[in-house]
Structures are given as C-alpha cells and as structure tokens.
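Taking it in order: structure first as structure tokens, then the write-up.
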Amino acid sequence: MKQQFSLRASVCLALATLASSSALAAGFQVNEHSANGLGRAMAGQAAKPENASILATNPAAIGVFKEAEFSASVSFIDPNVDIDGDVSYALGEAPVGQPMPAAEDNIADTAFVPGFFYVSPINEKLSAGVGVFTTYGLRSDYSDDFGALHFADTAEVKTVTLNPAVSYKVNKQLMVGFGLNITYAEAEIGSGVSNTLAGTVAGLAPTAEALGITLPTLTPGNSLFSMEGDDWGYGWNAGIFWQPTDMTNVALSYRAETKLELEGAVSSETPVFPINLNQPGSLDLNLAAITELAIDQKIDNQWSVQASVTFTDWSTFEKLEANLEDGIDFLIKEENFDDSWRAALGVTYILNDEITLRAGYAYDDGVVSVENRSLSIPDTDRHWFSGGMTYTVSEDTSIDVAYVFIDGREANIDKDRTILSNVLPGTDFTTNFSGTQSATAHILSVQMNTRF
C-alpha cells in the first residue's frame with residue numbers, strides 16, 4: 001500500500017501553449033486558434049466555416065470547402081495578472097510577528113500562439129484535413145521577492161496538438177466529422193522559499209533551540225519542490241454540421257478528455273518534508289473535455305449573427321499529485337475545479353467584396369469557487385469584447401485580423417498552509433495569504449488564408 005503525504009507549501013502549476021495565461025479563459029483553456037473567430041469572441045465558431053481553421057472547433061464543417069484550403073495564424077497575447085495581499089504566520093493559535101506585504105504585478109508573460117490548418121476535399125462525400133494548434137495553457141511567474149513564494153512560484157508547461165480529421169457528407173444538409181488528437185506536453189513546476197518564510201523561521205530559531213528543537217535553515221529563493229517532465233497524450237474529437245436552410249447553420253462539437261502522465265525528475269533544495277523528493281517521478285494531468293453548441297444565422301446578404309454555448313468538464317481536475325519512483329504519492333495540491341460554461345454572441349457584416357467586419361462579446365465562467373481559489377491558478381470570471389475584419393487580397397487569398405480585450409473580475413484569495421507539522425507536540429507552524437487578484441488581457445491576432 002502506498003504512503004501518502006500532503007505538501008505543506010503550495011506549488012504553482014502553469015500550463016502554457018507556446019505560452020498563455022489564465023487571464024484568457026476558464027481554468028487553463030486557450031481559444032486563440034482562429035483570428036476570424038476571435039473577431040467575434042469565438043461566437044458560433046463551430047457553425048461558421050470561413051476558412052481551414054474551423055477544423056480546430058468542428059471537424060465536420062471542413063466538408064463545406066470545394067477546394068484545398070490553408071490557414072496560418074499567430075496571436076500576440078499581453079496579459080496583466082496582479083496579486084496584492086498580505087502573508088502571516090502562526091505557531092498553533094499564536095501569531096508570529098505581524099502580517100507582511102505580498103504583492104506581485106504582471107505574473108504572466110506576453111506570448112505568441114501560432115496555429116496551422118490544411119483541409120481538402122477527397123471526393124463529393126469525403127474531406128480530410130490536419131491542424132497543429134493548442135487548446136489549453138497557463139503561464140505564471142513570481143519573482144524571488146514575492147512574499148508568498150511558498151504558495152506559488154514559477155512554472156511552465158508547453159503543449160501542442162496534432163489533429164488529423166475527416167468529414168463525411170451524409171446528404172446536402174448534414175455532415176459528420178471525426179478527428180484524432182495527438183498532444184505533446186513538457187512541464188516544469190515548482191514552489192520556492194519566500195523571504196518572509198525564511199526570515200520568520202530564522203526569528204523562531206533561538207526560541208526553538210532553547211526548547212531543544214532544531215528548525216531547518218531556509219535560503220530565500222531556494223526550491224521547496226520542483227518537477228520537470230513530459231508526455232504524449234491521445235484523444236479524439238467529433239462534430240455535426242447541419243444546414244436546415246440556406247440561411248442557417250447549426251453545429252455540435254465535442255473534444256474528448258486527453259490524459260497525460262508527465263514523467264521526469266522531482267527535486268528539492270529545502271529539507272522540510274519527511275520524504276525524499278530528489279528522485280524520478282510523474283504527475284497525472286487531464287485536459288478537460290469540451291462541448292460546443294453553435295448557430296450561424298444569416299439575416300440578409302450582408303448581415304449574420306453567431307451564437308454559441310460551450311461546456312468544459314473541468315470537474316475532472318481534482319488535484320495535483322506527484323507519483324514518486326519509490327512508490328510514495330506526494331499530494332501537491334487539491335484543485336477541485338468546477339465545470340464551466342461560456343456563452344458568446346457575435347455579428348458579421350460583409351461590407352463589400354473586399355472587407356468583412358466582425359464584433360463579439362462572451363462571458364467566460366471561472367472554474368474556481370471561493371474556497372478553492374489560490375495563487376497557483378488565479379482563475380476568475382471574464383468578459384470578452386472583440387472586433388475584427390477580413391481583407392480579401394485576391395480571389396484565393398485573404399487576411400484576418402482581430403483584437404480582443406478580456407476583463408477579469410477582481411476576486412478574493414484566502415489560503416492557509418501548514419509549513420512544519422508538530423514543531424511542538426500538537427502544534428503546527430502555519431501560514432496564511434489573504435488578498436485579491438485582478439486580471440486583464442489584450443490579444444492581437446493575424447491570420448492568412450489561401451485556397452489552391
């Protein structure tokens with residue numbers, strides 16, 4: 001039977017797909033795989049096959065194209081995630097010292113997120129394509145001066161998904177599609193010794209020595225826990241594309257959960273845990289399933305309206321746990337995500353033969369309840385405001401551009417951690433962080449589309 005220990009200092013997990021931020025979508029979901037879709041806040045994306053990037057959302061819809069199509073996009077993401085609060089310490093019920101400031105601005109870096117798609121008809125019934133993109137990601141980075149570094153430090157996971165897909169035309173109105181997902185992920189996650197933690201433990205040392213207790217010597221910036229690993233994961237996606245009339249498109253798409261077991265090395269520079277953390281290990285990580293229901297409704301030859309509702313099965317993401325080579329399960333952190341909903345509404349206006357305009361709004365429901373919100377994954381509810389356009393360069397080539405502003409709701413954080421257990425009989429050395437998080441983001445996306 002495996003032993004199990006609870007990590008007494010929090011670890012920051014960040015998932016980045018060629019780098020991204022939790023300011024962008026619920027949990028660590030990423031939507032930046034289509035510039036034309038971003039122009040209307042991804043509203044109705046599964047039902048709006050404008051170019052090859054539709055493959056990422058609905059493989060069935062690639063069957064509408066009469067010629068081979070290629071799309072390449074890049075999104076520049078400029079997130080601003082700020083943390084502001086205080087950290088305090090206690091020995092049992094007795095406070096140790098006074099609360100100390102723990103604040104950090106811009107914990108998420110700017111990033112470029114690319115995507116590539118190719119689709120082609122095979123015959124009158126069958127079409128095929130392939131995409132290289134990402135659907136999940138988060139990146140955060142706290143400086144060594146952050147007063148609550150023992151709650152969250154720096155971490156990164158990069159992922160990329162290869163998605164071959166086929167579409168079959170059942171009749172003139174209905175298409176069905178299926179795809180395979182091949183995902184590669186490499187990760188580095190860890191937590192560190194904060195200057196406030198090192199100073200507080202050093203201040204307690206003389207009293208502890210007088211009681212015959214030797215406290216560990218902590219060096220600010222040293223690693224409490226660190227892990228590096230990578231893995232390949234496999235999944236599938238499917239979709240339905242229905243055109244009940246010439247004016248209406250309806251779509252239903254599903255991307256199944258992808259299970260990853262990140263294998264690599266675990267290490268620690270700080271001997272505060274009752275187990276050996278310097279050994280090989282692995283960490284299970286499940287990328288949540290996504291379901292989207294979308295509609296694209298033409299009003300006339302110029303105006304159309306798009307809408308969609310997206311459900312992400314985040315409740316499967318319950319905890320982060322390192323499985324060490326010696327058989328010990330090392331509980332990093334309980335996450336207990338909730339399932340999330342995203343609703344989007346957009347409009348498309350064909351100005352003339354060369355220019356198409358778009359605008360959209362979306363509400364993105366956060367996945368973390370008040371009791372589970374942490375510094376590790378600073379998730380909150382978000383509002384998306386977007387606009388974009390397509391410029392048709394020639395009969396076969398077009399350029400899409402989009403701008404998105406994302407405004408995250410300010411949210412409270414109140415977390416407790418046990419740093420050392422039984423410093424005195426029945427008495428633990430604990431820490432608390434109390435504060436707020438705020439998040440905004442700017443996205444600029446450009447995409448080139450061509451057919452041949």
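The values are calculated or read from the model by the stated rules, or taken from the named source; none is laboratory data. Everything numeric here is computed off the predicted structure, so don't read it as measured data. Backbone-built Cβ (ideal geometry, glycine too); neighbour counts: all protein chains shown. Side chains are part of the model used for accessible areas, which takes the heavy atoms of the whole protein and leaves out ligands, DNA and RNA. Shrake-Rupley method; radii C 1.70, N 1.55, O 1.52, S 1.80 Å.
Just a few scattered comments:
For (1) within 30 Å of Asp338 (Cα to Cα); (2) part of a strand (DSSP E or B), each residue gets a yes or a no:
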| residue | (1), (2) |
| --- | --- |
| Glu32 | yes, no |
| Arg40 | yes, no |
| Phe70 | no, yes |
| Ser73 | no, yes |
| Ile77 | yes, yes |
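Yes/no per residue for (1) open to solvent by less than 20 Å² (accessible area, probe 1.4 Å); (2) within 23 Å of Gly221 (Cβ to Cβ):
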residue: Val266; (1), (2): yes, yes
residue: Asp284; (1), (2): no, no
residue: Leu287; (1), (2): yes, no
residue: Leu293; (1), (2): no, no
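- All conditions in (1) open to solvent by less than 50 Å² (accessible area, probe 1.4 Å); (2) part of a strand (DSSP E or B) hold for Phe112, with the sole exception of (1).
- Just one residue in the set Ser120, Ser167 is over 30 Å from Phe405 (Cα atoms) and touching a helix residue (DSSP H, G or I) at 6+ places or on another chain (Cβ under 7 Å); that residue is Ser167.
- Selected residue [of a type in the set (Val, Ile, Thr), within 24 Å of Arg382 (Cα to Cα) and either assigned to a loop (DSSP other than H, G, I, E, B) or open to solvent by less than 60 Å² (accessible area, probe 1.4 Å) (or both)] from Ile62, Ile107: Ile107
- Yes/no for Ala205 being under 30 Å from Pro49 (Cα atoms) and small (Gly, Ala, Ser): no
- Beta carbons closer than 9 Å, at least 6 apart along the sequence or on distinct chains, pair a first residue in the stretch 337-349 that is basic (Lys, Arg) with a second that is surrounded by fewer than 17 Cβ atoms within 10 Å (Cβ to Cβ) for Arg342/Val309; Arg342/Tyr363.
- A Cβ distance below 9 Å, combined with a sequence gap of six or more or placement on separate chains, defines the contacts here; from the stretch 118-134, residues that are farther than 26 Å from Ala185 by Cβ and of a type in the set (Lys, Arg) reach residues that are modelled with pLDDT of 95 or more and assigned to a strand (DSSP E or B) in the pairs Lys125/Tyr168; Lys125/Lys169.
- Annotation note: of Ala102, Ala52, the sole residue that is surrounded by 24 or more Cβ atoms within 10 Å (Cβ to Cβ), within 20 Å of Gly199 (Cβ to Cβ) and among the small types (Gly, Ala, Ser) is Ala102.
- Residue check: Asn336 meets all listed conditions (1) of a type outside the set (Ser, Thr, Tyr); (2) within 22 Å of Tyr254 (Cα to Cα); (3) in contact with a helix residue (DSSP H, G or I) (Cβ under 6 Å, 6 or more places away or on another chain) but one, namely (2).
- Within the stretch 424-452, considering residues that are within 24 Å of Thr217 (Cα to Cα) and buried (at least 18 other Cβ atoms within 10 Å of the Cβ), the one farthest from the chain's Cα centre (by Cα): Phe429
- Qualifying residue in the stretch 322-333 (condition: closer than 30 Å to Thr392 by Cα and part of a strand (DSSP E or B)): no
- Residues of the stretch 243-252 satisfying the condition of being open to solvent by 10 Å² or more (accessible area, probe 1.4 Å) and closer than 28 Å to Ile182 by Cβ: Leu252
- Only one of the numbered conditions (1) modelled with pLDDT under 90; (2) under 22 Å from Leu444 (Cβ atoms); (3) open to solvent by 10 Å² or more (accessible area, probe 1.4 Å) is violated by Ser22, and that is (3).
- Among the residues listed as Glu318, Glu257, the single one being under 16 Å from the mean Cα position of the chain (by Cα), open to solvent by 50 Å² or more (accessible area, probe 1.4 Å), farther than 30 Å from Ala60 by Cβ and free of Cβ contacts under 8 Å to residues at least 60 places away in the same chain: Glu318
- Checking each residue in the stretch 74-88 for being open to solvent by less than 10 Å² (accessible area, probe 1.4 Å) and either within 22 Å of Thr134 (Cα to Cα) or touching a helix residue (DSSP H, G or I) at 6+ places or on another chain (Cβ under 9 Å) (or both) picks out Ser75, Ile77, Pro79, Val81, Val87.
- In the set (1) of a type outside the set (Lys, Arg); (2) at pLDDT below 95; (3) within 28 Å of Glu292 (Cβ to Cβ); (4) surrounded by 14 or more Cβ atoms within 10 Å (Cβ to Cβ), the condition left unmet by Ser369 is number (4).
- Of the residues making up the stretch 210-226, not a single one is open to solvent by 20 Å² or more (accessible area, probe 1.4 Å), part of a loop (DSSP other than H, G, I, E, B) and within 22 Å of Glu50 (Cα to Cα).
- Extreme residue, farthest from Asp246 (Cα to Cα), among residues of the stretch 138-189 that are surrounded by 17 or more Cβ atoms within 10 Å (Cβ to Cβ) and among the charged types (D, E, K, R): Asp153
- Pick from the stretch 385-416, criterion buried (at least 20 other Cβ atoms within 10 Å of the Cβ) and of a type in the set (D, E, K, R), ranking: nearest to Val96 (Cα to Cα): Lys415
- Residue, farthest from Gln302 (Cα to Cα), within the stretch 332-366, restricted to residues that are open to solvent by less than 10 Å² (accessible area, probe 1.4 Å) and over 20 Å from the mean Cα position of the chain (by Cα): Gly346
- Apart from one condition, Leu324 fits all of (1) modelled with pLDDT of 85 or more; (2) open to solvent by 50 Å² or more (accessible area, probe 1.4 Å); (3) farther than 25 Å from Gly366 by Cα; the exception is (2).
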